[in-house]
Protein chains: 2
Amino acid sequence: MSGVLEVCRRGREASYALAAASRAVKDAALRAMAKALRDNTDAIVQANALDVAAASEGGTPESTVDRLRLDPTRVDAMAVGLEDLAGLADPVGEVVRGYTLPNGLELRQVRVPFGVVGIIYEARPNVTADAAGICLKSGNAVLLRGSSSAAHSNAAIVDVLRSAAESSGLPADVVQGVPGDRAAVKELMQARGLVDVLIPRGGAGLIQTVVSESTVPVIETGVGNCHVYVDADADLDLAVKILLNAKTQRPSVCNAAESVLVHADVAEAFLAKALPALADAGVTVHGDQRVVAASNQVVPATEQDFGTEYLSLDLSAAVVDSLEAAVEHIRRYGSSHTEAIVTRSQAAARRFVQAVDAAAVVVNASTRFTDGGEFGFGAEIGISTQKLHARGPMGLPEMTSTKYVVTGEGQVRT
Amino acid sequence: MSGVLEVCRRGREASYALAAASRAVKDAALRAMAKALRDNTDAIVQANALDVAAASEGGTPESTVDRLRLDPTRVDAMAVGLEDLAGLADPVGEVVRGYTLPNGLELRQVRVPFGVVGIIYEARPNVTADAAGICLKSGNAVLLRGSSSAAHSNAAIVDVLRSAAESSGLPADVVQGVPGDRAAVKELMQARGLVDVLIPRGGAGLIQTVVSESTVPVIETGVGNCHVYVDADADLDLAVKILLNAKTQRPSVCNAAESVLVHADVAEAFLAKALPALADAGVTVHGDQRVVAASNQVVPATEQDFGTEYLSLDLSAAVVDSLEAAVEHIRRYGSSHTEAIVTRSQAAARRFVQAVDAAAVVVNASTRFTDGGEFGFGAEIGISTQKLHARGPMGLPEMTSTKYVVTGEGQVRT
């Protein structure tokens, strides 16, 4: 058995004990992990310094190096995240539905852990602690495969978490790193039966690789080409406020707006208000012909612009002749993440909500609210942009499967 | 664009109208489809005769030919199935959860159709009508890929259903067959983005192919290596009754029992009752050493027997030294479909239910109850043996995704 399959097998074995653990045991382990992170801050920061030095010497852009960097404040934030998880309800054991069948059988559908969850990520090292915590709380053994650029940091964090789990009476193997090269990742993606679910977190390239090469079921997270549609019946000042927030409040995240569509009836009035405000905020607008005609500050948009998740202070913009044309545009270019309409019309809102197929459809508010924290979930492992299993922000319940429990007194089928 | 991708694209287009259709329109279409099947019974039976003749001439076993055969009674049963669907609640629009956030945003998680569902099947032609009906009721355009041996039958049924859908005001393309050879199926499996979900229905080979070759998300259905565990505290007469029913009531289906495990403390007494009863019912028992020692009618089991879904009047049998040993055995050989315990002990039932990871865990009843009809779902597209999205019998709600609808009055993120 290869190293990776052996890691998977140990995860499976550990998952049995974890699935049987009470909430009290899991919460104690989360608190022990938080304390251990704080107690080992120096060791973690030292390990991280190796990754940071290698990245800097390798010419990595400073913004990326900064995301990689850990300091005592960031280590403490990881610890706080684990403590917060300890305060959340346990999804395991929740009865999703239950009733008694005509023959007297008692049927209950109950939440159970998946078993073994693999996380493949290229984000900051704090994902290591966050993902481990969410998996532990939801009763899942986790296999963590971070980026090689954070290998020292991740290994140090995993070591600390494993010791803390063990000291709390759980198997250390409820948290494991996945060592090895790209071939190891390939093995992980093909370990159907040993790994129950894979969740990739990172750029579009990583997610595409995991989706196309995995036989293990994947929950796709990620790309958000989010639109704000300004309807003919919109309050235009409200529309400007919402668009500015959606575009500029944090441009680098998936729920930031990347495109604005405006109904032709109000295009002139809206653009007269919006374009100067966008310019003041440092936003470059890539517009279609009708938007370009409204201002000499607008860059002509290419077809590619409308399909682009900029993640920067850029915005594509188009004038549409109807709500239906806006829906068509979103169906063509959108990524089914978050789509917003600004309107005073109940009929327009209703039609937009029905016709636009996305994880979240927003009426008269910023796209930036599509977030586990904002939705009140308390924790988030990512935002699913697929339709199977979980769609939108994934909290603890989304990290579980279910089991039917059927209790009788000798019933047989006739 | 290839023929298959064009079919997918037309399905996507049709799915928009279907997703917007009211329950009344969908139910009218289902009733029109039922009537059209009855009105076209002769044409369907004639098309079916071509498939039956080809199968018989090709030397297909008579039991398989019989499953392929349609007569007016079987056509009527398909129509009744569609009418039954019209009587079920519409899963689309159901609010799964909803509350108001601290900032006043109203959050609702609402069931929506997947969009386009592909069904790849090798079963009887009645699956064509059943799957089309379930998909239509749940608002999904369906792409039907049946086996080539039923090609004439399936084409005739699809034609009838399409005309009826159109006459009810829905696009004909809400129901489509997928033409072409194996390369076409491969294209269907790779049509991620155009097809939302694939559900294979058929033998283990088909399911394995779809799972390993698809980039479209798959819901795996199928294999059931189901166990009955007779605990030390079991009522042995009840155990015999449950085992006989689970094994013999319909041996060819996935929720039939394939293996019995008995606690060593009661093995002698249980086997003395069970083995003659099984023999009377025509069951061949493949036992481990300790079971073989109990009767000269028991065939020695190989390692392979314990992992086999017989789907016949064969049963593997083993004596285990504890409940934990039974759990270990099921973890090793089971397929996570349905596992049953017979016991009077509350502690044993509780531990078995917790420790056995399966779609359904049954206490003191037959494994045969794992079924959408028995569970009161009214319709079933299959029994999922995977953990993602749906697990166990899949009814109409399992054929939907969800969408978050967020309604505000100008909220932005700070």
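The values are calculated or read from the model by the stated rules, or taken from the named source; none is laboratory data. As the structure is a computational prediction, the values presented were derived from the model and not from experiment. Every residue, glycine as well, gets a Cβ built from its backbone with ideal geometry; the counts of neighbours run over all protein chains shown.
For region A:32-44, the criterion of being closer than 16 Å to A:Asn154 by Cβ and under 24 Å from the mean Cα position of the chain (by Cα) is satisfied by at least one residue.
Does any residue of region A:354-373 turn out to be among the hydroxyl-bearing types (Ser, Thr, Tyr) and farther than 19 Å from A:Val223 by Cα?
The answer is no; no qualifying residue exists.
Within region B:262-279, is there a residue that is crowded, with 22+ Cβ neighbours inside 10 Å, in contact (Cβ under 8 Å) with a residue 60 or more places away in the chain and of a type in the set (A, V, I, L, M, F, W, C)? No, every residue in region B:262-279 fails to be crowded, with 22+ Cβ neighbours inside 10 Å, in contact (Cβ under 8 Å) with a residue 60 or more places away in the chain and of a type in the set (A, V, I, L, M, F, W, C). For region A:47-78, residues that are exposed (fewer than 14 other Cβ atoms within 10 Å of the Cβ) and within 28 Å of A:Lys137 (Cα to Cα) total 3.
Taken together, the residues in region A:219-249 that are out of contact with any Phe, Trp or Tyr (no Cβ under 7 Å at 6 or more places or on another chain), modelled with pLDDT of 95 or more and within 13 Å of chain B (Cβ to nearest Cβ) amount to 16.
Against the definition (surrounded by fewer than 20 Cβ atoms within 10 Å (Cβ to Cβ) and within 10 Å of chain B (Cβ to nearest Cβ)), how does A:Gly378 come out, yes or no? No. Only one of the listed residues (A:Arg331, A:Arg368) is within 11 Å of another protein chain (Cβ to nearest Cβ), surrounded by 23 or more Cβ atoms within 10 Å (Cβ to Cβ) and either free of Cβ contacts under 8 Å to residues at least 12 places away in the same chain or basic (Lys, Arg) (or both). That residue is A:Arg368. The condition of being under 30 Å from B:Gly81 (Cα atoms) and out of contact with any strand residue (DSSP E or B) (no Cβ under 8 Å at 6 or more places or on another chain) holds for only one of B:Gly392, B:Gly378, that being B:Gly378.
With respect to (1) at pLDDT 95 or above; (2) surrounded by fewer than 23 Cβ atoms within 10 Å (Cβ to Cβ); (3) more than 30 Å from A:Glu374 (Cβ to Cβ), the lone exception for B:Leu107 is condition (3). Taking B:Ala318 and the conditions (1) touching a Phe, Trp or Tyr at 6+ places or on another chain (Cβ under 8 Å); (2) within 14 Å of chain A (Cβ to nearest Cβ), which numbered condition does it fall short on, given that it satisfies the others? Condition (2) is where B:Ala318 drops out.
Elements of the type strands (runs of 3 or more DSSP E) sitting completely within region B:184-300 and holding at least 3 residues that are over 24 Å from A:Val412 (Cβ atoms): these cover B:197-201.
Look at B:Val353 and say whether it is closer than 22 Å to A:Gly93 by Cβ, within 11 Å of another protein chain (Cβ to nearest Cβ) and of a type outside the set (Asp, Glu). Yes, satisfied. Report whether or not B:Thr338 is buried (at least 24 other Cβ atoms within 10 Å of the Cβ) and more than 8 Å from every other protein chain (Cβ to nearest Cβ). Judged against the criteria, B:Thr338 is a match.
Among the residues making up region B:389-414, those that are crowded, with 22+ Cβ neighbours inside 10 Å, of a type in the set (A, V, I, L, M, F, W, C) and either more than 7 Å from chain A (Cβ to nearest Cβ) or not in a strand (DSSP E or B) (or both) are B:Ala390, B:Met394, B:Leu396, B:Met399. Taking each residue of region B:58-81 that is under 10 Å from B:Arg124 (Cα atoms) and looking for partners that are among the charged types (D, E, K, R) with beta-carbon atoms closer than 7 Å, six or more apart or interchain, yields B:Arg67/B:Arg124; B:Leu68/B:Asp51; B:Leu68/B:Arg124.
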